[in-house]
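The values are calculated or read from the model by the stated rules, or taken from the named source; none is laboratory data. Predicted, not measured: the structure shown is a model, and the values here were computed from it. With ideal geometry, Cβ positions are generated from the backbone for all residues, glycine too; neighbour counts draw on all protein chains shown. The accessibility values were calculated without ligands, DNA or RNA, using every heavy atom of the protein model including side chains. Shrake-Rupley method; radii C 1.70, N 1.55, O 1.52, S 1.80 Å.
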Amino acid sequence: MSQVLHILLTAATLVEIDPTILWLRARGAGEEKNVIHFPSCSVEVLLSGVGPVATAFTLGGRFTAGPVPGLAIQAGVAGALDRTLELASVYQVTSERLGDVGAQEADGRVLSLADIGFHPGPPFDKEEVLRFPKDAGVTPFPPVAGVTVSQGSGTTER
């Protein structure tokens, strides 16, 4: 008997993945609480709440509460600094930075942790980048570098 792959699909809010959940439900073999079952896999849906702290807390609780899924997908709506990226497309984030951790000078300049003498610590490297292992997963989606922030911005300066 082959083992069923357990996939964790997480997003901050329901509105970000509701169309995906509806699509999965329409094709699934059954559903139990927040898990949609298929013959070769199951998809567990987890809503984390908005922001990196809520996400870290929710995922930490989930990963310590039960079996670790074979695949975890963080999905949702994101902005982009790169104007060449196509809107409403799917990308695979292959590296991540913390964009608003550090300090801000009176003139508005943002100082990174390294600028003020700190290091974010593992899993981030000395350049303050979390780099995903090359064998972490292959998807058909174009790779992009990500930046996590706690507050969005609508201005070029910010």
At 1.002 mPa s and 20 °C, Stokes D of segment 37-120 from Kirkwood alpha-carbon radius, µm² per second:
130
Expressed as an acute angle from 0 to 90° and rounded to the nearest 10, what is the orientation of the C-alpha long axis of helix 14-27 relative to the principal long axis of the chain?
20
Charges only on Cβ, +1 for Lys and Arg, -1 for Asp and Glu: so what's the dipole of the chain about the Cα centre, in debye to the nearest 20?
400
CD proxy, 222 nm, the chain: helix-only mean residue ellipticity via -39,500 (n - 2.57) per DSSP H run with n ≥ 4, per residue, nearest 500, stands at -5500 deg cm²/dmol
Considering all projection directions equally, how large on average is the shadow of the alpha-carbon convex hull of the chain, in square nanometres?
11.8
Would you mind pulling out the separation of the Cα centroids of segment 78-96 and segment 99-158, in Å?
15
Farthest towards the positive end of the dipole of segment 37-158, among Thr148, Tyr91, Phe63 and with Cβ unit charges of +1 on Lys and Arg and -1 on Asp and Glu, lies the Cα of Phe63
To two decimal places, what compactness ratio does segment 1-55 give when its Cα radius of gyration is scaled by 2.2 N^0.38 Å?
1.22
Under the definition of Cα pairs under 8 Å and six or more residues apart, what whole-number percent is the relative contact order of the chain?
23
Expected output is a single nm value to one decimal: the length gained when fully extending between Leu14 and Arg27, i.e. 0.36 nm times separation in residues minus the C-alpha distance. What is it?
2.8 nm
Measuring from label point to label point, each 7 Å out along Cα→Cβ, what is the Arg83 to Ile116 span in nm?
3.2
Phi angles of segment 30-42, converted by Karplus (6.51 cos²θ - 1.76 cosθ + 1.60, θ = phi - 60°) into ³J(HN,Hα) in whole Hz with x for Gly and Pro, give x, 9, 9, 6, 9, 10, 9, 9, 10, x, 10, 7, 10
With a point put 7 Å past each Cα toward its Cβ, work out how far His37 is from Thr155 in nm, to one decimal.
5.4
Using amide H atoms built in the peptide plane, which far-off residues or other-chain residues are under 5 Å from Leu46 H to H?
Leu9, Thr10, Ala11
Unit charges at the beta carbon, dipole of segment 37-156: most positive-side option, Ala72, Val50, Gly102
Ala72
Taking a probe of 1.4 Å, how large is the accessible area per residue of segment 1-107, in Å²?
69
Relative contact order %, segment 66-158, counting alpha carbon pairs below 8 Å whose residues are six or more apart
36
